[in-house]
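All remarks here apply to the structure that follows.
A short reminder: the numbers here are calculations on the coordinates, not readings from a lab. Note that this is a predicted model, so its numbers are computed, not measured. Every residue, glycine as well, gets a Cβ built from its backbone with ideal geometry; the counts of neighbours run over all protein chains shown.
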Ligand SMILES: [Zn+2]
């Protein structure tokens, strides 16, 4: 069979979008062009294909400014044009860092990575502090995924323009852990230091960010799980 004879499903899909989906939202996009984009949320999420930010937040075009990468990591200050642009130009008022269950990036922190993947090896260092000195188990991975989210929030606070706005109550940070199999986000609660299922959480993760709580935060996440695991 020649390549030309293979049905091109991707082409069919992009045509379907243009012919059937787009007419229904054309006006919305024209407005977004005329008035420019004004998303209020910067969503930093893992590249994992099972994490679908628009679907799980119910947002639509123009509402989320997305940064996606392996592990939902925040690069050190001076290395993220996207975060700077979102904060300084778009003036977002919320930043969400969204990790998730079964994250290959987090698992890779415990495994040997192909030495040829030099960029990946360097990138994973941004999550290294979240690693636990324990055997790799589902529970350890879950805890590491959550610890990594908290670590990224802390790194975000190293961006002067983020810190200034958070401290002035003009911006809120949201640490989320999305549990794919349950379809539920667990929201980081800075006061208790725990991730709380959205079904029982009293907020989506906003609140004053207290940097000096960072270590107890980690410990409380761990002890909460330990308590849970110990009958
Ligand atoms: Zn992931």
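The figures follow:
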read-out	value
Calculated over the chain: convex hull of Cα atoms, volume per residue (Å³)	184 Å³
Pairwise centroid distance, computed over Cα atoms, of region 35-87 with region 135-206, Å	15 Å
Peptides ranked, highest mean first, by Cβ atoms within 10 Å: ranges 92-98, 139-145, 57-63, 106-112	92-98, 139-145, 106-112, 57-63
Helix axis angle, 138-156 relative to the chain longest principal axis, alpha carbon, degrees	80 degrees
Ratio of the Cα radius of gyration of region 90-180 to 2.2 N^0.38 Å, where N counts its residues	1.22
Compactness relative to 2.2 N^0.38 Å, alpha carbon Rg of region 1-98	1.36
Model label zone, residue 40; criterion: amide N under 14 Å from point 7 Å along Cα-to-beta-carbon; scope region 151-191	170-173
The chain, helix-only ellipticity at 222 nm - DSSP H runs n ≥ 4, -39,500 (n - 2.57), divided by all residues, nearest 500	-10500 deg cm²/dmol
Ranked list, fewest to most other Cβ atoms within 10 Å of each Cβ, for 162, 6	6, 162
Relative packing of peptides 42-51, 28-37, 122-131 - highest average C-beta neighbours within 10 Å first	42-51, 122-131, 28-37
Kirkwood-Stokes translational diffusion coefficient of region 46-139, alpha-carbon pairs, 10 °C, 1.306 mPa s, µm²/s	105 µm²/s
Crossing angle, helix 214-229 versus the chain [Cα axis fit, 0-90 degrees, rounded to tens]	90 degrees
Acute angle (nearest 10 degrees) that the helix 22-34 long axis makes with the longest principal axis of the chain, alpha-carbon atoms	70 degrees
Shape call, region 12-65: gyration tensor on alpha carbons, a/c limit 1.5	oblate
